[in-house]
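Right, one structure below, let's go through it.
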Amino acid sequence: MASDDWTNMTYLNPEQVASLITINDLKAMKQSGEKISCLTAYDASFSALIDNAGVDLMLVGDSLGMVMQGHDTTLPVTISDMVYHSRCVTQARKRAFVIADLPFMTYTTPAVAAKNAARLMQVGGAQMVKLEGAHMEVVSFLVNLGVPVCAHLGLLPQSINQLGSYKVQGKDSNESAKIKSDALKLQSAGASLLVLECVPADLAEEITELLNIPVIGIGAGVGCDGQVLVLYDMLDIGTGKRPRFSKNFMSGATSIAGAIQAYHQAVKAQQFPSVEHTF
Ligand code: KIV
């Protein structure tokens, strides 16, 4: 079946739709101070395990290019790859909110972004799309069309060839001021969520307090509204070196389901990330 083929798709019935977490639930969690747990997911089996563990959010990340496809960056990932994996994930979940990444070069203009976001939502079943960087015009165009958008600032893996290495961002005052001002502009453009990757914990906490929208951190300290990790890193089944900000939740667990539950509980209890996972 081609990834844009609508036949054989499993649709959710109204009862299942009613049990899905919505963007309003995530916003209410920010308001109440309940931490949001998030993991990346790429297939139906892990989607069901993550969902059963009670994790609030799943991100079909373009990190699948590295952990599933074996590339050394996320750049080769195509929109068809993302549609295919998004559909695998959304068909198996009952509760978690699902965000799908727009991969490299699929949001070069507002019109290109709209066409690709439509595929992620209509065929992939995603509830929101994520894009990297301060693309306010694209965000506002998508939002005006009814597409919920998650912005992504800090370390931008799709820009690795400009950055030269995967390193902490926002360490000097110019960089941190730019990230802060971009975060505010993206919120004004209509973004509903923000992922902050690899930034100092004090900067992430300041941005989290400044914004009304939930901020999900990865390598950004415990002060964010929620946490995300790459699934294969936290299960320690990746082929590369586990990043310093991640943690092996398989250690001490007796099953994959147990490791995912331990992660979910550690995020809720603000026990993860600890100082050793923070910049
Ligand atoms: O692609 C991905 O997995 C991501 C996370 C690292 C946030 O964007």
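The values are calculated or read from the model by the stated rules, or taken from the named source; none is laboratory data. What you see is a predicted model; the values in this text were computed from it and never measured. We place every Cβ from the backbone using ideal geometry, glycine too, and count neighbours over all the protein chains shown. What goes into the accessible areas is simple: the full protein's heavy atoms, side chains included, and nothing from ligands, DNA or RNA. Shrake-Rupley method; radii C 1.70, N 1.55, O 1.52, S 1.80 Å.
Looking at this structure, is Lys115 modelled with pLDDT of 95 or more, within 15 Å of the ligand (Cβ to nearest atom) and not acidic (Asp, Glu)?
No.
Could you please let me know if Leu59 is touching a residue at least 40 places away in the same chain (Cβ under 8 Å) and more than 15 Å from the ligand (Cβ to nearest atom)?
Judged against the criteria, Leu59 is not a match.
So which residues in the stretch 166-201 are more than 15 Å from the ligand (Cβ to nearest atom), part of a loop (DSSP other than H, G, I, E, B) and open to solvent by 50 Å² or more (accessible area, probe 1.4 Å)?
Lys171, Asp172 - these are the residues of the stretch 166-201 that are more than 15 Å from the ligand (Cβ to nearest atom), part of a loop (DSSP other than H, G, I, E, B) and open to solvent by 50 Å² or more (accessible area, probe 1.4 Å).
What number of residues within the stretch 231-263 satisfy the criterion of being surrounded by fewer than 21 Cβ atoms within 10 Å (Cβ to Cβ), free of Cβ contacts under 8 Å to residues at least 24 places away in the same chain and either assigned to a loop (DSSP other than H, G, I, E, B) or in contact with an Asp or Glu (Cβ under 7 Å, 6 or more places away or on another chain) (or both)?
Residues meeting the conditions: 11.
Every residue in the stretch 108-134 that is in contact (Cβ under 8 Å) with a residue 60 or more places away in the chain and part of a strand (DSSP E or B), please.
Met128, Lys130
A quick yes/no check of all residues on (1) closer than 24 Å to Ser140 by Cβ; (2) of a type in the set (A, V, I, L, M); (3) in contact with a strand residue (DSSP E or B) (Cβ under 8 Å, 6 or more places away or on another chain):
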position: Ser173; (1), (2), (3): no, no, no
position: Ser176; (1), (2), (3): no, no, no
position: Val215; (1), (2), (3): yes, yes, yes
position: Leu235; (1), (2), (3): no, yes, no
position: Ser246; (1), (2), (3): no, no, yes
position: Gly252; (1), (2), (3): no, no, no
position: Gly258; (1), (2), (3): no, no, no
position: Val267; (1), (2), (3): no, yes, yes
